[in-house]
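Trainee: The structure under discussion is supplied below as structure tokens; questions concerning it will follow.
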Amino acid sequence: MKNIVLWFIGFLVLGCGGAKVEQSTVLNPTNKPNGVRGEVVRNTSKDVNNTTDRKMASGKIKAFTTSQDIEKIMLFLTADELQGRDTGSEGISKAADFIQNVFEKNNIQPYFSSYRDTLTDYKDGIAYNMVGYLPGTDPDLKNEFIIVGAHYDHIGVQNGQSGDVIANGANDNASGTTSVLEFARFFGNQKPNKRSIIFALFTAEEKGLLGSKHLAEKLKKQNLDLYAMLNFEMIGVPMVDKDHSLYLTGFELSNLAEISNGYAHKNLVGFLPKAKEFNLFRRSDNAPFYDTFNVPAQTYSSFDFTNFNEYHKVGDEASKMDFIFMATIVNECIPVLTGIVNAPIKEIKYN
């Protein structure tokens, strides 16, 4: 997350563009130097994955996504060939090609003249968001929009160290990008949405939320009727010792958690005190949409400051992700998104 962890000298400052920290000692003092409390490592057994996927299909979770679907996307987005998906790089361009291919295959139209929406104020090369669009089916509600988003950039190559130098950005934020692509695949083929949906993959989040700021301002100038912006950030590993699967930034600011749990028919989304303490509401791509539109705009995440100590490190690899957990999250969030886009009124409100 941008924005999950930055510190100025002696005090906390959050934001990806700032100083690096040793997360195992600052963010997670209970961690062993080379370990993760409640260690979460992908189980590579195909039998285990298939068994869990069958349980999802036959149990309470209606399975659309499988762990294999998640793994396929994650392995591409985190491949060394993409060189850490730094903004403006050749590697992130390959990620953009991949995203466009997913959109095209699944009936997601470009919202603008192209899927690539070029930032106008980025000076270090060419940077672009990837913006797809699925029209709503209701004659009236189709004029209202939901944005489902995540950032697909990361920090690239970390020079000056031996061995692996590529920060592949699996949890941050190939995990969120993968979820948005799976949501696009579901809605693009099922078309259950009365409201219109914009699927936005942001660039330059790691440079200071530049991509989401650009898109929010551009859509505001078009007088878009935005109902809500739902952002997904760092959902690659489960939280530790919690009775809910995700937390919501700005939890106490709106009724989105209540709405989400109602459509999920479970305690899917909860409150993380650290998220409030560190003001994570302001530290991801939801914030520019709140600032620009003053509508519900919040981030779902499972990074709880104890379950992952590879933030902004070369160790943020796909091998450390829990693909079964990620598939479960996507499957449990699909009815949440479906309920929100089809509700007869704008039921999400700030308190």
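The values are calculated or read from the model by the stated rules, or taken from the named source; none is laboratory data. Computed from a predicted model, the values in this text were never measured in an experiment. Reconstructed Cβ throughout: ideal geometry from the backbone, glycine too, with neighbour counts over all protein chains shown. For accessibility, only protein heavy atoms count, side chains too; no ligands or nucleic acids. Shrake-Rupley method; radii C 1.70, N 1.55, O 1.52, S 1.80 Å.
Trainee: Every residue in region 251-282 that is part of a loop (DSSP other than H, G, I, E, B) and either surrounded by fewer than 21 Cβ atoms within 10 Å (Cβ to Cβ) or at pLDDT below 95 (or both), please. Please lay out each step first, then the result.
Mentor: From region 251-282, those part of a loop (DSSP other than H, G, I, E, B) are 255, 265-268, 271-272, 278-279; that's our starting set.
The answer is N255, H265, K266, N267, F271, N279.
Trainee: Return only the number of the condition from (1) over 22 Å from I235 (Cα atoms); (2) in contact with a strand residue (DSSP E or B) (Cβ under 9 Å, 6 or more places away or on another chain) that I147 does not satisfy.
Mentor: Against the list (1) over 22 Å from I235 (Cα atoms); (2) in contact with a strand residue (DSSP E or B) (Cβ under 9 Å, 6 or more places away or on another chain), I147 comes up short only on (1).
Trainee: Which one of these does K94 not meet: (1) more than 17 Å from the chain's Cα centre (by Cα); (2) within 18 Å of A200 (Cβ to Cβ)?
Mentor: (2)
Trainee: So which residues in region 292-342 are among the hydroxyl-bearing types (S, T, Y) and within 15 Å of M229 (Cβ to Cβ), if there are any at all?
Mentor: Once the filter is applied, which keeps residues that are among the hydroxyl-bearing types (S, T, Y) and within 15 Å of M229 (Cβ to Cβ), region 292-342 yields T292, T299, Y300, S301.
Trainee: OK, next. What residue, among those in region 67-100 that are closer than 12 Å to V157 by Cα and of a type in the set (S, T, N, Q), is most open to solvent (accessible area, probe 1.4 Å)?
Mentor: The residue in question is Q83.
Trainee: Going by what's in this entry, would V180 be described as outside any helix (DSSP H, G or I) and touching a Phe, Trp or Tyr at 6+ places or on another chain (Cβ under 9 Å)?
Mentor: No, not satisfied.
Trainee: Need pairs with beta-carbon distance below 7 Å; first residue within 17 Å of G149 (Cα to Cα) and within region 337-351, second basic (K, R); sequence gap 6+ or separate chains.
Mentor: Listed pairs, sorted by first residue: V341/K194; V341/R195.
Trainee: While we're on this one: Are any residues in region 295-345 open to solvent by 10 Å² or more (accessible area, probe 1.4 Å), under 26 Å from N279 (Cβ atoms) and among the charged types (D, E, K, R), and if so, which ones?
Mentor: Of everything in region 295-345, those that are open to solvent by 10 Å² or more (accessible area, probe 1.4 Å), under 26 Å from N279 (Cβ atoms) and among the charged types (D, E, K, R) turn out to be E310, K313.
Trainee: Now for a separate question. Inside region 116-137, can you point out the residues that are more than 18 Å from A96 (Cα to Cα) and open to solvent by 30 Å² or more (accessible area, probe 1.4 Å)?
Mentor: So the first thing to find is which residues in region 116-137 are more than 18 Å from A96 (Cα to Cα), and the list is 121, 123, 134-137.
Selection gives D121, K123, P135, T137.
Trainee: When the residues of region 214-250 are filtered to those that are more than 30 Å from A127 (Cβ to Cβ) and in contact (Cβ under 8 Å) with a residue 40 or more places away in the chain, which remaining residue is surrounded by the fewest Cβ atoms within 10 Å (Cβ to Cβ)?
Mentor: D241
Trainee: A further question follows. Within region 290-338, can you find the residues that are of a type outside the set (S, T, Y), assigned to a helix (DSSP H, G or I) and touching a Pro at 6+ places or on another chain (Cβ under 7 Å)? Quick ask: steps written out before the conclusion?
Mentor: Step one: of region 290-338, the residues of a type outside the set (S, T, Y) are 291, 293-298, 303-305, 307-310, 312-318, 320-327, 329-337.
From the residues that got through so far, the ones that are assigned to a helix (DSSP H, G or I) too are 291, 293, 318, 320, 323-327, 329-337.
Passing the criteria: only F325.
Trainee: Quick one: how many residues across region 207-240 are in contact with a helix residue (DSSP H, G or I) (Cβ under 6 Å, 6 or more places away or on another chain), part of a helix (DSSP H, G or I) and closer than 17 Å to R283 by Cα?
Mentor: Going through region 207-240 one residue at a time, the tally reaches 3.
Trainee: Let me ask another. Need the failing condition index for D285 against (1) within 19 Å of the chain's Cα centre (by Cα); (2) in a loop (DSSP other than H, G, I, E, B); (3) farther than 19 Å from A228 by Cβ, just the number.
Mentor: Here D285 clears every test but (3).
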